[in-house]
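Bear in mind these aren't lab numbers, they're just calculated from the coordinates by the rules spelled out. Owing to the predicted nature of the structure, the values given are computational and were not obtained by experimental measurement. Here the Cβ positions follow ideal geometry from the backbone for every residue, glycine too, while neighbour counts run over all protein chains shown.
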Amino acid sequence: MGNLKGNDDVLNYYRLKQTDSYVQRVKLIDILDEPTTKVYFYPEQDKVLFKEDEVKKFTLDSYGESIPYIDGELTIFNNYYWDFWGHYLTAEGTSLYGHLKRYAYGDKDWCFPNLDLIAAKMDKSRKTVLTYLDILERYGFAFKFGVLNETRKNVEESPVFKIRKQVPLLTKKLIYGDPEIVIPEDAPPHIQKALKREQKGLPLLLRKEHEKFVEKHLKSNAAEKLEKEIDFEKVYSAWLQFGEILKQNKSKEKFIPNAQAKLVVEMNEHEKILLKFILEQAGNSFSKPSYETWFKDIRLKIDEKTYTIFTPNAFSRDWLKEKYSNFIQNCITQIEDQIDTLTFEIYGLDQ
């Protein structure tokens, strides 16, 4: 066998890596039967390339304590999977993992199934299947690699999935919950729902059943076998070091560092304190990529009751104004008695 897909082509596998820039796209839409355009901003991403050997070496089964074979406890999948992981993967995610795992037979821990076929089997749309693939990645059951066929001039092929073969034990935080979890407002709805479940942990009824399972089947050193938590985002991020970044062609608007420095110097203590509060609230409310893209480099000026947020470019100005103006205004009103106007400008304009 040549590559993971069973032929002799040279394949490069990749993961997408978030960058700190966004690209503007225009989409034609109809409003009241009148054609018009709407501007969207999409995050630019780099491809991190991996050779065949690196993909083969990567295994999800290295993380967490796996359930051993227990006589009478195996129903296609270990009953532990259905009884406890089903709460986090949901019925759709549980089913999707089954569809993926059936292709990873024997010693194989990878597959390249037809997602449209799986969607038809599940009576779901392809888009819905992709959202549950996110859930499987979050909990370390599947890991998706895009594929570029180097032999055929890097044409894009269907993805390859690395599949966890053994069922892991839930971590303590998944069992008992983690009320300190912050749910980013800009996270996709299915991830927000997953985080809400993680905040609460297993329902009490399932938690008691889990404790019975641990006591009966794991017995000695049961507590030591349960890890506190596993952050698969960190696992995946750490593993990216083994790949080679393929940079995309980008056209970025340049920052204006001199104008930025001028604003910093001119900001008084009150403006600096208020800006610090806004940034702290944004850091706690939104994902790290969103914070660093839209908030990290903003500045603030106050003229009587008019508050002006300065941004490094037109993209960020328009995006902040459209998506985050209410959030910023709510932050300001937590400290200020009154705010008449909130405006957004670009560094250096009318300075």
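List the pairs from 173/296; 47/165; 234/323; 5/144 whose alpha-carbon separation is above 19 Å, in the order I gave them.
Checking Cα-Cα distances, 173/296; 47/165; 234/323 exceed 19 Å.
Could you compute the FRET efficiency for residue 209 and residue 183, with r as their C-beta to C-beta distance and R0 at 35 Å, rounded to 0.05?
The formula returns an efficiency of 0.85 here.
Give me the tail of P(r) for segment 257-346 as a percent: Cα-Cα pairs with distance above 17 Å.
Percent of Cα pairs beyond 17 Å in segment 257-346: 44.
Identify all aspartates and glutamates with a Cα-Cα distance to residue 301 below 18 Å; exclude those on the same chain that are fewer than 8 residues away in sequence.
Those aspartates and glutamates meeting the cut-off are 266, 269, 271, 280, 318, 336, 337, 340, 345, 350.
State the answer as a single residue: which of 201, 213, 184 lies farthest towards the positive end of the charge dipole of segment 181-222, with beta carbon charges of +1 for Lys and Arg and -1 for Asp and Glu, about the Cα centre.
Projecting each Cα onto the dipole axis, the largest value belongs to 213.
Could you pull out every residue, at least 5 positions away or on a different chain, whose amide H is within less than 5 Å of the one on residue 21? Hs are placed 1.01 Å off N in the peptide plane, and Pro or chain starts have none.
Sorted by chain and number, the residues that satisfy this are 44.
Taking all pairs of distinct Cα atoms, average 1/r, flip it, and tell me the Kirkwood hydrodynamic radius of segment 140-244 in Å to one decimal place.
It works out to 16.9 Å.
Please state the charge dipole magnitude for segment 81-182, taken about the Cα centre, from unit charges on C-beta atoms (+1 on K and R, -1 on D and E), reported in debye and rounded to the nearest 20.
For segment 81-182, the charge dipole is close to 180 debye.
Show me, for segment 118-132, the HN-Hα J-couplings you get by feeding each phi into the Karplus relation (A = 6.51, B = -1.76, C = 1.60, θ = phi - 60°), rounded to Hz, glycine and proline as x.
5, 4, 5, 5, 8, 6, 10, 7, 4, 4, 5, 4, 5, 5, 7
Please get the size of the charge dipole for segment 11-246, origin at its Cα centre, with Cβ charges of +1 on Lys and Arg and -1 on Asp and Glu, quoted in debye to the nearest 20.
About 380 debye.
Hey, any idea what the orientation-averaged projected area of the convex hull of segment 11-246's Cα atoms comes to, in nm²?
If you wrap the Cα atoms of segment 11-246 in a convex hull and average its projections, you get 16.8 nm².
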